[in-house]
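For reference, the structure discussed in these notes is given below.
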Amino acid sequence: MIERLPWVKRPDLDGLTRYYELHDMTHARAMNHAVRTLEQCKALGLKLGIITNGRSEVQHGKIDLLGLRPFFGTILVSEDIDMKKPDPQIYRIALERLGTLAEETIIAGDHPRNDIGVQQT
């Protein structure tokens with residue numbers, strides 16, 4: 001990407017990475033009806049958690065920017081716990097923190113390898 005785009009001043013990889021980490025989360029927007037859906041889940045007494053791969057500062061920044069933290073009983077960011085999806089252990093930790101059993105739990109994900117195809121253990 002660095003070589004292909006018409007930069008006024010071409011950044012190095014570290015500079016581009018720093019720019020992304022500083023500015024990417026400032027453009028995050030919640031999907032339509034996301035907050036209303038979370039409010040309804042909470043009203044029904046459902047226990048909610050987030051498991052996300054990525055850098056701690058970036059992922060927590062997005063969650064806070066969107067105002068989503070209060071809806072979730074646990075938030076696991078892969079960098080914080082030194083493991084990532086689809087490692088079954090990260091799901092076990094979330095279940096333990098939420099006080100739920102796997103057979104009582106629904107996973108909603110957006111990545112076929114990391115979320116949808118999680119092996120049952």
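Taking region 6-43 on its own, how many of its residues are open to solvent by 50 Å² or more (accessible area, probe 1.4 Å) and over 19 Å from Gly67 (Cα atoms)?
Residues in region 6-43 being open to solvent by 50 Å² or more (accessible area, probe 1.4 Å) and over 19 Å from Gly67 (Cα atoms): 12 in total.
Name the one entry in Leu44, Leu66, Leu38, Leu76 that is touching a strand residue (DSSP E or B) at 6+ places or on another chain (Cβ under 8 Å) and either on the phi > 0 side of the Ramachandran plot or not hydroxyl-bearing (Ser, Thr, Tyr) (or both).
Exactly one of Leu44, Leu66, Leu38, Leu76 is touching a strand residue (DSSP E or B) at 6+ places or on another chain (Cβ under 8 Å) and either on the phi > 0 side of the Ramachandran plot or not hydroxyl-bearing (Ser, Thr, Tyr) (or both), namely Leu76.
What number of residues within region 112-121 are assigned to a helix (DSSP H, G or I) and either of a type in the set (A, V, I, L, M) or exposed (fewer than 11 other Cβ atoms within 10 Å of the Cβ) (or both)? Explain how you work it out, then say what you get.
Looking only at region 112-121, we keep the residues that are assigned to a helix (DSSP H, G or I), and these are 112-116.
Then keep just the ones that are either of a type in the set (A, V, I, L, M) or exposed (fewer than 11 other Cβ atoms within 10 Å of the Cβ) (or both); that gives 112-113, 116.
The total comes to 3.
With the checklist (1) at pLDDT 95 or above; (2) loosely packed, with under 10 Cβ neighbours inside 10 Å in hand, flag the one item Thr74 doesn't pass.
Checking Thr74 against (1) at pLDDT 95 or above; (2) loosely packed, with under 10 Cβ neighbours inside 10 Å, the one that fails is (2).
Okay, residues lined up against (1) among the β-branched types (Val, Ile, Thr); (2) in contact (Cβ under 8 Å) with a residue 24 or more places away in the chain; (3) open to solvent by less than 50 Å² (accessible area, probe 1.4 Å); (4) touching a Cys at 6+ places or on another chain (Cβ under 6 Å):
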position	(1), (2), (3), (4)
Leu68	no, yes, yes, no
Ile81	yes, no, yes, no
Lys84	no, yes, no, no
Arg92	no, yes, no, no
Leu101	no, no, no, no
Ile107	yes, no, no, no
Asp110	no, no, no, no
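The values are calculated or read from the model by the stated rules, or taken from the named source; none is laboratory data. Being a predicted model, the structure only gives us computed values, none of them experimental. Here Cβ is always computed from backbone atoms with ideal geometry, including for glycine, and neighbour counts include all displayed protein chains. When the accessible area is computed, the model is the full protein with side chains, heavy atoms only, and any ligands, DNA or RNA have been set aside. Shrake-Rupley method; radii C 1.70, N 1.55, O 1.52, S 1.80 Å.
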